1. Non-local amide H neighbours of residue 38 (under 5 Å, H modeled in plane, Pro and chain starts lacking H): which ones?
2. When only Cα pairs under 8 Å and 6 or more residues apart are kept, what is the percent relative contact order across the chain?
3. Compare 232, 92, 202 in a GNM of the chain, Cα atoms joined below 10 Å, and give the one with the largest fluctuation.
4. Find the relative contact order for the stretch 181-310 and round it to a whole percent, using C-alpha pairs within less than 8 Å whose residues are 6+ positions apart.
5. Test of understanding: in a Gaussian network model of the chain with alpha carbons linked when under 10 Å, which of 178, 103, 22 would top the mean-square fluctuation ranking?
6. Compute the distance from the alpha-carbon center of the stretch 85-118 to that of the stretch 265-279, in whole Å.
7. Which of 134, 120, 37 ends up with the largest GNM mean-square fluctuation for the chain, with Cα atoms connected below 10 Å?
8. On a 0 to 90° scale, report how tilted helix 41-53 is relative to the longest principal axis of the chain, with both axes built from alpha carbons and the result rounded to the nearest 10.
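What follows is calculated from the coordinates using simple rules that are stated; it is not laboratory data. As the structure is a prediction and not an experimental result, all values here were calculated from the model. Glycine also receives a Cβ, built like all others from the backbone with ideal geometry; neighbour counts cover every protein chain displayed.
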Amino acid sequence: MNAELWSDIPAEHYLEREYPIVKEYAKKNNVPFIASIGYTPEELSNLGPKVEKAGVDAIEFSTHYIGRDYRPVVEAAKALRESVSVPIFAKLSPFTPNIPELVKELEKVGVNGIVATNTIGPALSIDVETGMPIVGGPYGYGWLSGPALKPLALAVVSEVALNSKLPVIGVGGISRGVDVIEYFMAGASAVQICTAALIEGLGVFKRILKEVEEWLARHEYDSILDVKGLALKYLKPEPRRVWAEPPIVDEKKCIGCGFCEQVCNYDAVHVLPDEKGKRVARVDINKCYGCGLCTSVCPTRAIAFKEYIT
Ligand SMILES: Cc1cc2nc3c(=O)[nH]c(=O)nc-3n(C[C@H](O)[C@H](O)[C@H](O)COP(=O)(O)O)c2cc1C
């Protein structure tokens, strides 16, 4: 959690001191230089032209907006679009309302891509020794980032990808190569990493890139683009399961860890020896309610609903 409420560095310092260094680095390494600015239409109209003049290739604008009406995000996009000509990317917060309609509006305004998502909150964490909040935003609130955010951000990425042709940059909780694969499968064209880089240091990028390359090679893909949007065909408005059918255990994959048994609320899953003495999970179809908690915790994906078995 963080409650970063201000920057001690004025915009001029960024523009005059930091930007030239990043610009030179980007040019030397043949990578795009993307600014990230916020938040109100007035601030974006003011800062946008300045960062464009400083030589950025694109601008991400963050609204950090969590209200119930998406119009402020569109207003921010309009203000920036009217003041710069480089590509602009709208960064959304989780729980942004009516994403399908919002992305259509953003397309109309001339937004070139979506970034999903920002941190989630307000969130609260209390030090039980003192009773005081740990990070110091209003009401002690902070904003949550890192792995807890990933399932929420992935849902937003897929919702954008299902409803728009705009490229999506996925962000939230990436700390391993498989997280990147997951974001690409949900429709992302690129990803960002913040918290993991702050915790682990800049070496995180090299490590995750290596993990992505190893995963792709192991699964015989030539490029990460081969997995892009792969999950979207399974993400339909109607649920794939409409009855309480028990999941099926793949005995070859089951390592007998017992996690499924531990989490089952209905006493329906038990790890028992098979005829050769190997301990495997078994589901009692008379007790199972098909809630799926066991399928979501299984570390080897050995227990799954038949609709998800390829
Ligand atoms: C310390 C900190 C400061 C952040 N400041 C900003 C910010 O100024 N603008 C913004 O759009 N997002 C900001 N974020 C959000 C991140 O860019 C990112 O969207 C979010 O943390 C989720 O990604 P992660 O789990 O990889 O950190 C900040 C995150 C952290 C942890």
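1. HN-HN under 5 Å from residue 38: 62.
2. Working: 537 pairs, mean separation 33.1, N = 310.
Taking the mean separation of contacting Cα pairs over the length of the chain, I get 11 percent.
3. Maximum fluctuation in the GNM of the chain, among the listed residues, is at 202.
4. 24 percent.
5. Greatest mean-square fluctuation among the candidates belongs to 22.
6. 48
7. In the Gaussian network model the winner is 134.
8. Once rounded, one gets 80 degrees.
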